[in-house]
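What follows is a set of notes on a single structure, which appears directly below.
Only the coordinates and a few stated rules stand behind these numbers; no lab work does. All figures in this text were calculated on a predicted structure; none of them were measured in a lab. Here the Cβ positions follow ideal geometry from the backbone for every residue, glycine too, while neighbour counts run over all protein chains shown.
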Ligand code: SAH
């Protein structure tokens with residue numbers, strides 16, 4: 001796959017759309033300019049890669065809407081060097097946006113084919129996150145604590161292990177809810193035992209499921 005002026009032009013339009021919808025952090029818009037989203041999609045979808053739409057990526061999963069990726073990233077308030085745990089690598093697109101912002105990214109995916117595919121694309125783009133095949137509910141205890149945690153699938157409730165792996169003062173962005181719709185939440189770990197929870201509207205994600213897929 002190649003990046004061309006045509007795709008670059010399409011990205012500029014998408015960036016304007018994101019700006020109009022309220023994404024104001026310039027570094028995030030720049031990251032969307034740098035990362036070719038069509039690399040993360042099947043060739044058949046390349047022409048639509050810069051419309052604000054989700055697409056099938058295999059294993060019954062979808063790449064999130066660009067707006068959803070930008071919105072979660074904005075809530076995450078990414079700083080250079082932040083150590084971030086992502087649950088749900090999927091296509092690797094969200095991972096690459098976080099890398100592009102200078103974060104040290106650790107991402108977990110429960111479907112092996114998606115994990116392997118994301119690994120190849122991210123290597124090709126010269127991003128160096130640490131990708132794991134595993135159950136995101138468990139997180140990565142040996143690599144904890146993390147400054148931030150981002151969950152890109154719909155969780156039925158706040159996963160306790162992942163709160164334990166978050167630093168005090170750290171934040172988790174997580175869509176919570178079973179079924180079709182989830183409430184986007186920002187959880188701040190204000191102390192070892194206390195959480196502050198804020199809500200940011202309704203989104204639609206594939207479910208966060210237990211255990212690695214077969
Ligand atoms: N961030 C991705 C979104 C992919 S959809 C992107 O930009 O493409 C969400 C992903 O979460 C799916 O790939 C799904 O397999 C994965 N997932 C669901 N439950 C999980 C779990 N318990 N651990 C790790 N990944 C999980």
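Below are the figures for this structure:
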| quantity | calculated |
| --- | --- |
| Exclusive hit being without any contact (Cβ under 8 Å) to a residue 12 or more places away in the chain and in contact with a strand residue (DSSP E or B) (Cβ under 7 Å, 6 or more places away or on another chain), set 93, 40, 106, 45 | 45 |
| Yes/no for residue 34 being out of contact with any helix residue (DSSP H, G or I) (no Cβ under 6 Å at 6 or more places or on another chain) and within 17 Å of residue 124 (Cα to Cα) | no |
| Test: residue in the stretch 117-127 that is part of a loop (DSSP other than H, G, I, E, B), free of Cβ contacts under 8 Å to residues at least 40 places away in the same chain, crowded, with 16+ Cβ neighbours inside 10 Å and within 14 Å of the ligand (Cβ to nearest atom) | yes |
| All strands (runs of 3 or more DSSP E) inside the stretch 144-214 with 3 or more residues being under 16 Å from the mean Cα position of the chain (by Cα) | 146-151, 166-176, 182-189 |
| Answer from 154, 179 - the residue that is over 28 Å from residue 38 (Cα atoms) and within 16 Å of the ligand (Cβ to nearest atom) | 179 |
